[in-house]
1. Considering only protein heavy atoms and a 1.4 Å probe, what is the carbon-and-sulfur percentage of the accessible area of segment 487-594?
2. Net charge near LEU90, counting Lys/Arg +1 and Asp/Glu -1 over other residues with Cβ under 14 Å of its Cβ?
3. Determine the dipole magnitude for segment 561-639: charges of +1 sit on the beta-carbon of Lys and Arg, -1 on that of Asp and Glu, nothing else is charged, the reference point is the Cα centre, and the result goes in debye to the nearest 20.
4. Kindly state, to the nearest 0.05, the FRET efficiency for ASP547 paired with ALA626, given R0 = 45 Å and r defined as their beta-carbon distance.
5. Select one label from [x] 38.8; [y] 62.7; [z] 36.8: the one whose number is mean projected area of the Cα convex hull in nm² as derived from the coordinates shown.
6. With a 1.4 Å probe and every protein chain left in place, tell me how much accessible area SER83 has, in Å² to the nearest 10.
7. Per 0.36 nm of contour for each residue apart, how much would the distance between ARG104 and GLN201 grow if the chain were fully extended, relative to their Cα-Cα spacing?
8. Can you give the local net charge around SER856? Use residues other than it whose beta-carbon is closer than 12 angstrom to its beta-carbon, Lys and Arg +1, Asp and Glu -1.
Amino acid sequence: MSKPRLNQESLLHRITNRIRQSLELQEILMTAAQEIRVFLDIDRVKIYRFESDGSGEVIAEAIKDKRLPSLLGLHFPAGDIPSQSRDLFLRARQRVIVDVVAQRKILSQLDNLQTGDSLSLEDVRYAPVDPCHVQYLQAMGVLASLIIPILHQNRLWGLVAIHHAKPRRFHDRELQMVQLLVDQVSIAIAQSNLLKQVQQQAHHEATINRISSLLHCPLTLPEIRQTVLEETVKALQGSGGRLYLGAEPANEPAQLYTTGVQPTEAFIEESAGWHEYLGWHESSNVAHTTHQELIVAWEQAGRSLLPSTLADYSSPTANPSGLPSPCILADLQLSQWCLLADTFSSTPIRSVLIIPLQYRHQGVGWLSIFRNGYDTEVLWAGRHNADERNQYPRRSFEAWREVKVDQSPEWSQDEVKLAQTIALHLYMATMQKRVESLLRHEASHDRLTNLPNRLLFDEQLSLALLTAQQRGEMLAAAFLDLDRFKTVNDTLGHAVGDQLLKQVTQRLQGCLRQCDTVARWGGDEFTLLFPHISIDEVSKIARQILDVLGAPIHLERQELYISASLGIALFPYDGEDAETLLKNADTAMYRAKQQGRNNFQLYSPEMNTKAREQLELETDLRKALARNEFLLYYQPQVDIHTGSIVSAEALVRWQHPQLGLVPPNQFIPLAEETGLICPLGEWVIRAACIQHQAWRSLGLPPLRIAVNLSARQFQQQDLVKIIASILQETKTEPHYLELEITESTVMQDVDFTIAVLQELREMGIQIAMDDFGTGYSSLNSIKHFPLHTLKIDQSFVRDLMTDSSDVAIARAIVALGKGLNLKVMAEGVETCDQLEFLRSLGCDGAQGYLFSRPLSPTAASELLAQEMNLSSRVYPCCPAA
């Protein structure tokens, strides 16, 4: 192998090893320039790198014995290299050799200009040198030059410029060797850029890991957020920054964290200019969202923790991934940023990166990073004046310094990505806290009224009791239950019921002192806490509550009236712990209901005795059916014109093993409340039918038996089927059964009532309306009910001889019954005068103590047998048949 060839291979090996061993691109470039100069024995080799604006800078240089002046660090205008030449450098890897003395140049293209493929043979062409280029090189003291492009990632990265002060030829072997060295430089550039990317990625990942660790460290929330902001500003080489978090759902105020240099306006994020420019609307704020939307947004954002691409960040609209684009404000001294520019103009800040803490429409605030303006000094190779002389090359390449002040810093795409990722972590952490806060709030508050629930109320009551005990003060706890709220729900629907509860909540809150608490215990029950109070004060507030709730409520274009029953227990007299105090307040509330509702009661120990008795009675009532403890008594119903028994009303009695005969007014309401009224009512119908058949088997005349249906029993969906089954089971003819329903029962759902009654009537069952005149039915509704009988309530019969109002009501009921072709039966008749007056009105029948008390089955059988043995039964005051 020849010595020159060995030297060339040694040189290539040396450069290649240097590239592999070195991590610094500048060192490699300087080495390459030096080795090329020595190899060619040339006066100057410079490596020229292009900037983004097309200008270039000499970044590496090697000079022999100072034969030519140094150009290291000088910048050259973009116009020094025509765009056509740049295109050929890039697309064809064109080399240019210039002989200044001969004024000719050699153009060598290594790649196909159309396809970009490498040529097997170089495309070598000769051409004259442009006179301007000749003068350009002469001004630099150069008579021979060689230009070789440096390519990287399909772009023109720079040039290797080889200059000699004397004419010189470049041999093919030299050109091949230099090209190989330039190719090695391209490899070194790629290696350096890759290394920078890896280092930068490692730095960014370390930053993100550090931020993530901070967001979950045991510091307080303000300390965490402040530290994260400072770390973010440091990582992004900012001069200052802000973290703004909007108001939280649980009425927490907006929070602002700052570090470093700041704009002049304290809360710029709340200014009109900020909202106008960033296009921020109230709908973006998470404070107005439901907890379900909040959790969904938090979960969805968690799947986008590392955004892969960035949208155009000229405006902060969200890209398809759901992540908002960042906004960069640069050149803030210009008026184009309108209102925002004013708050930065007197500060050194000249560039702002704003990242919305947002995912889709769920936003919690902004992360803003500031960078101050900076001054730059650029050394240019010869002054380039903007006049006609620019048509000619510069006469001198003497350096001149261009100074630019207050420049606006730029943000690289990687920096913006890092800021976006940090912002997403901040968003996730903030949303997680808000989700946790919402869940805690919902765990301790009622969702409909937003009042504390029983869990939170128990805690507040326990704390208040501790304070009251330490200070020796009195405290009151109260239970409030809305009267007949179920009727509103059943008749008007749950949506109206919910609206009613909200209005009740507002009214209750308006009655309380600042230190008082109201909670929703459940359903239509509320609990109240009154610390630092006296008996007179709590009584005054209780009366105020009842008065306020008694005012009409307008819902769904309807006027409703509501009342409440209120029970109050006092510390320390009625209990020293929360459980006892609430239990006694609940007992007092039930006493208020027993006292007619719409009142309040202060707890007394006697109430517990009564409540205990009621509880025991309820327990026994649940066992009474299985133990066959119920009895039916029968009260005759008489035709007041003939004195004959035409029917009997079946009245249930409870033969308690210890208490004896329990009256209906004690156990019927309890059966209604517990739901036992339905199986009890079914037993009554069956027992009445069985008794009817028993009388017939004794040869007694057939007698219609009237049975009361409760409101709850009447609402059973399978009521008709149950009655039909009993009639079939007992072989009772339907017209011997009369069902009595109250006026208030039929009016709960008029359409439903008419449908059920029509089915019963079609079966042959008799229908009577009991307690007529005590409800709220309208004549328009009554005429549609398929009735047989109207019963005048005993409250109108009792004072019939002394109260003109009762007379008028009784007369109207009889007239109404006759007008509708109904029989009229009067209840509670006790005197002959009452009977005679009812007969004069045209009433058809009556029942009451004047004729007979309710009788046991045996006594009733004897009475019926006695009447059968007589041609007609003559009751007092009744005419003979």
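1. On the way: 2300 of 5010 Å².
Carbon plus sulfur share of accessible area: 46 percent.
2. +3
3. Computed charge dipole of segment 561-639: roughly 200 debye.
4. With R0 = 45 Å, the Cβ-Cβ based efficiency is 0.45.
5. Among [x] 38.8; [y] 62.7; [z] 36.8, the one derived from this structure is [y].
6. 90
7. Full-extension gain reported as 30.0 nm.
8. +1
The values are calculated or read from the model by the stated rules, or taken from the named source; none is laboratory data. In this text the structure is predicted, and so the values were computed from the model without any measurement. Cβ coordinates were reconstructed from backbone atoms using ideal geometry, including for glycine residues, and neighbour counts include every protein chain displayed. Areas reflect the complete protein model, heavy atoms only, side chains present, ligands, DNA and RNA absent. Shrake-Rupley method; radii C 1.70, N 1.55, O 1.52, S 1.80 Å.
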